[in-house]
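**Q** Here it is, the structure, as structure tokens.
The values are calculated or read from the model by the stated rules, or taken from the named source; none is laboratory data. Values in this document were obtained by computation on a predicted structure and should not be read as measured data. Please note: Cβ atoms are built from the backbone with ideal geometry, for glycine as well, and neighbour counts cover all protein chains shown. Protein only, heavy atoms only, side chains kept; ligands, DNA and RNA dropped before computing areas. Shrake-Rupley method; radii C 1.70, N 1.55, O 1.52, S 1.80 Å.
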2 protein chains.
Amino acid sequence: MATINARAIVYPQYGEPINVIKAHSYQLPAPESLKDDQVLLQTLATPLNPSDINQIQGVYPSRPPISIDSLPGLKEPSAVCGNEGVFKVLGTGPSVSGLKPGDWCIPKKVNYGTWRSHAISPEADLLQVPNTIPLTQAATMAVNTSSAYLMLSHFVDLNKGDWFIQNGGNSQVGRCAIQIAKKKGINSISIVRDRPNLKELVDELTSLGATHVITEDDSGSKTFGKTVKQWTGGEPIKLALNCVGGKNASDMSRKLTKNGVFVTYGGMSMKPVILPTSLFIFKNLKAVGFWITEMTKQDPELREHVISEVLKLIQGGDLANIHCTLNKIVNDQVTDEQFVESFKQGLLDSKKKGKQIMVFD
Amino acid sequence: MATINARAIVYPQYGEPINVIKAHSYQLPAPESLKDDQVLLQTLATPLNPSDINQIQGVYPSRPPISIDSLPGLKEPSAVCGNEGVFKVLGTGPSVSGLKPGDWCIPKKVNYGTWRSHAISPEADLLQVPNTIPLTQAATMAVNTSSAYLMLSHFVDLNKGDWFIQNGGNSQVGRCAIQIAKKKGINSISIVRDRPNLKELVDELTSLGATHVITEDDSGSKTFGKTVKQWTGGEPIKLALNCVGGKNASDMSRKLTKNGVFVTYGGMSMKPVILPTSLFIFKNLKAVGFWITEMTKQDPELREHVISEVLKLIQGGDLANIHCTLNKIVNDQVTDEQFVESFKQGLLDSKKKGKQIMVFD
């Protein structure tokens with residue numbers, strides 16, 4: 001009865017991921033030896049999210065404990081990296097009733113530590129997802145896709161024909177928001193950075209369902225407001241989604257209607273949220289924040305509801321494949337150094353080339 | 001049966017008040033000739049508020065019409081300046097039942113045009129206030145005092161022992177907020193600009209009931225947070241009132257607790273509201289605006305409720321006399337030029353010397 005050779009990416013202290021992450025090899029029991037409600041999982045895919053990086057840097061408010069108990073065989077207190085991913089069931093303990101080998105599942109809770117080859121969890125901590133959906137959708141539905149879904153439904157009652165505006169239109173959340181809105185008949189205006197191949201990007205986002213795609217310069221132009229009014233036919237823009245901050249946020253906020261809601265979920269420009277005083281006073285602007293981690297911690301049922309709604313969209317073919325690079329990674333016949341090196345390369349690429357997903361071979 | 005020689009400050013077009021305001025003389029019927037529900041009023045006192053100035057400049061969203069019907073005898077379409085003031089009843093029409101000569105009242109609605117010596121209104125447009133309260137309180141209770149009262153009660157449930165923070169602690173609203181909080185047992189931290197005679201101001205605000213008064217430098221200091229925590233004993237600061245904007249707003253926002261509410265009602269620095277992205281996402285900051293004009297337009301009953309609550313405070317001696325300069329003004333035996341000149345001087349002084357109230361002799 002052979003045990004399982006498992007590996008995880010861990011950090012014993014906070015710091016730049018490239019400097020502090022390590023591979024840790026450990027043994028897990030074979031499927032036949034599982035007890036009670038234990039489920040043995042093999043990782044299929046896990047994304048490298050900005051929040052994972054901030055967590056390792058120690059600047060993210062929600063963090064797993066750095067503990068000697070995080071994994072078997074640790075020589076120093078460590079935390080396991082990663083919060084999102086999809087797993088395949090390899091085996092189940094005798095009292096597990098809802099999962100069987102071959103099923104897919106995702107963690108119910110945050111701070112799971114998904115950058116690892118295998119895991120064992122109580123059944124209650126896992127949420128099954130169909131093993132027929134695209135792997136990249138399954139691996140990213142809990143954070144980006146769910147965030148987009150929640151932000152479009154939680155703050156403002158958006159109905160068919162209504163309008164919202166967002167910056168970071170090319171981000172993963174932005175792309176999901178475009179597609180979810182399209183499916184619901186909601187119109188979108190997405191702000192993107194100007195770039196040499198702008199038309200390509202505009203065409204791509206339009207093909208996903210974007211109603212209009214504009215640049216930051218467009219958004220900041222005083223005369224462009226007229227164009228927006230022509231587009232909307234004077235219909236109000238009720239919601240703004242902000243993941244950029246700075247002047248971009250300020251320009252975007254001016255397009256909101258009276259009583260509009262401005263939701264901040266990121267700050268890619270590293271600048272604060274800047275909003276005109278007059279909008280608060282004279283247009284009753286409401287600016288709020290969105291953090292899926294906290295929202296779903298407070299309300300686990302909401303999380304399950306959103307996951308089920310997002311699944312419907314995925315299964316209905318309403319969400320295009322995730323815009324990302326897949327990095328195949330092997331656990332067998334590599335050293336700890338080679339294993340951690342793959343993740344370090346993925347982290348470097350994620351800075352330059354967009355979203356990276358690690359896929360276990 | 002002599003008619004009444006009335007005068008008003010009007011503007012035929014938007015612009016800098018000093019350039020566009022004029023005096024207009026006109027006749028009103030004598031008290032004996034009033035009809036139906038008409039009430040003849042003599043102005044006792046009217047403040048020169050920043051919003052009055054913005055209205056004349058044409059940059060304030062709520063504005064009276066520029067119309068030939070604004071006053072009797074106008075030669076060109078004009079609007080009457082001023083939104084706040086207290087009047088004495090000179091006479092009433094036969095169907096007026098709730099007011100009698102000698103009573104005091106304030107306008108129920110905004111855009112009344114209070115910079116005038118006399119007025120005639122239907123009884124229904126007037127709200128009686130006791131003629132025993134201080135004149136300056138009566139003249140300013142509808143905007144500044146009511147704003148402070150509403151902001152402390154409308155957004156967050158503040159109970160005895162709770163904390164709020166505000167900038168512009170030396171402003172009229174700031175002073176009212178300090179006193180209203182004191183009366184309710186609510187603790188305040190007021191941010192003021194540094195100045196040569198800082199101690200004097202701190203002593204003055206403390207004597208009004210301020211729990212703590214700090215400078216903008218204190219508020220911006222990273223180490224000062226510890227002092228604030230010592231003061232509050234770790235109790236949450238649930239509400240921030242902002243009439244300044246810029247870095248001041250940003251520094252103040254960092255002192256708010258999780259789920260805190262940041263209310264903007266002014267922008268004296270002329271800078272936008274700058275708020276850290278992380279507060280929105282990780283501390284669920286909610287930033288909203290307050291505009292008493294709109295709030296009381298939407299809910300006239302709320303306005304009457306607030307006025308009655310504020311009256312209780314004034315009558316209970318819980319609000320010190322208004323911090324302002326009184327400018328005596330006469331209507332008889334002066335020319336239109338002299339009349340308008342008094343207001344122009346008041347406007348100049350209001351820029352340099354703080355709140356000016358025009359008091360009719």
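**Q** Could you look through the stretch A:250-268, keep only residues that are within 7 Å of chain B (Cβ to nearest Cβ) and part of a loop (DSSP other than H, G, I, E, B), and pick out the one that is most open to solvent (accessible area, probe 1.4 Å)?
**A** A:Tyr265
**Q** As an exercise: evaluate A:Ser95 against (1) out of contact with any Asp or Glu (no Cβ under 6 Å at 6 or more places or on another chain); (2) assigned to a loop (DSSP other than H, G, I, E, B); (3) in contact (Cβ under 8 Å) with a residue 12 or more places away in the chain and give the number of the one condition it does not meet.
**A** So A:Ser95 meets the others, but not (1).
Residue by residue, here is whether (1) part of a loop (DSSP other than H, G, I, E, B); (2) within 14 Å of chain B (Cβ to nearest Cβ) holds:
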| residue | (1), (2) |
| --- | --- |
| A:Ala23 | no, no |
| A:Tyr26 | no, no |
| A:Ser51 | no, yes |
| A:Ser62 | yes, yes |
| A:Asp69 | yes, no |
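**Q** Quick check, is A:Gly102 among the small types (Gly, Ala, Ser), surrounded by fewer than 17 Cβ atoms within 10 Å (Cβ to Cβ), assigned by TED's automatic domain parsing to the domain that holds A:Gln345 and farther than 24 Å from A:Glu301 by Cα?
**A** So A:Gly102 fits the description; yes.
**Q** Further question on the same structure: Looking at the stretch A:329-361 only, could you name the residues that are in contact (Cβ under 8 Å) with a residue 60 or more places away in the chain and within 20 Å of the chain's Cα centre (by Cα)?
**A** A:Phe343, A:Lys344, A:Gly346, A:Leu347, A:Leu348, A:Ser350, A:Lys355, A:Gln356, A:Ile357, A:Met358, A:Val359, A:Phe360
**Q** In the set B:Lys247, B:Lys271, which member is within 12 Å of another protein chain (Cβ to nearest Cβ), in contact with a Gly (Cβ under 8 Å, 6 or more places away or on another chain), in a helix (DSSP H, G or I) and surrounded by fewer than 23 Cβ atoms within 10 Å (Cβ to Cβ)?
**A** B:Lys247
**Q** Another one. Among the numbered conditions (1) exposed (fewer than 15 other Cβ atoms within 10 Å of the Cβ); (2) farther than 18 Å from B:Val359 by Cβ, tell me where B:Leu126 comes up short.
**A** (1)
**Q** When the residues of the stretch A:188-204 are filtered to those that are crowded, with 21+ Cβ neighbours inside 10 Å and in contact with a Ser or Thr (Cβ under 6 Å, 6 or more places away or on another chain), which remaining residue is nearest to A:Ser269 (Cα to Cα)?
**A** It comes out as A:Ile191.
**Q** Going through the stretch B:157-169 one residue at a time, which ones are of a type outside the set (Gly, Ala, Ser) and either surrounded by fewer than 21 Cβ atoms within 10 Å (Cβ to Cβ) or more than 20 Å from the chain's Cα centre (by Cα) (or both)?
**A** Within the stretch B:157-169, B:Asp157, B:Leu158, B:Asn159, B:Lys160, B:Asp162, B:Trp163, B:Phe164 qualify.
**Q** Identify, please: which residue in the stretch B:236-279 is out of contact with any strand residue (DSSP E or B) (no Cβ under 6 Å at 6 or more places or on another chain) and of a type in the set (D, E, K, R) and is, among those, nearest to B:Asn54 (Cα to Cα)?
**A** B:Lys271
**Q** From the list B:Leu319, B:Leu326, B:Leu311, pick out the single residue that is farther than 21 Å from B:Lys88 by Cα and either surrounded by fewer than 16 Cβ atoms within 10 Å (Cβ to Cβ) or within 16 Å of the chain's Cα centre (by Cα) (or both).
**A** None of the other options fit; the residue is B:Leu319.
**Q** What is the number of the single condition among (1) farther than 26 Å from B:Ser171 by Cβ; (2) in a loop (DSSP other than H, G, I, E, B) that B:Asn5 does not meet?
**A** (2)
**Q** Evaluate the stretch A:279-292: report whether one residue or more is open to solvent by 10 Å² or more (accessible area, probe 1.4 Å), out of contact with any Cys (no Cβ under 7 Å at 6 or more places or on another chain) and more than 9 Å from chain B (Cβ to nearest Cβ).
**A** yes
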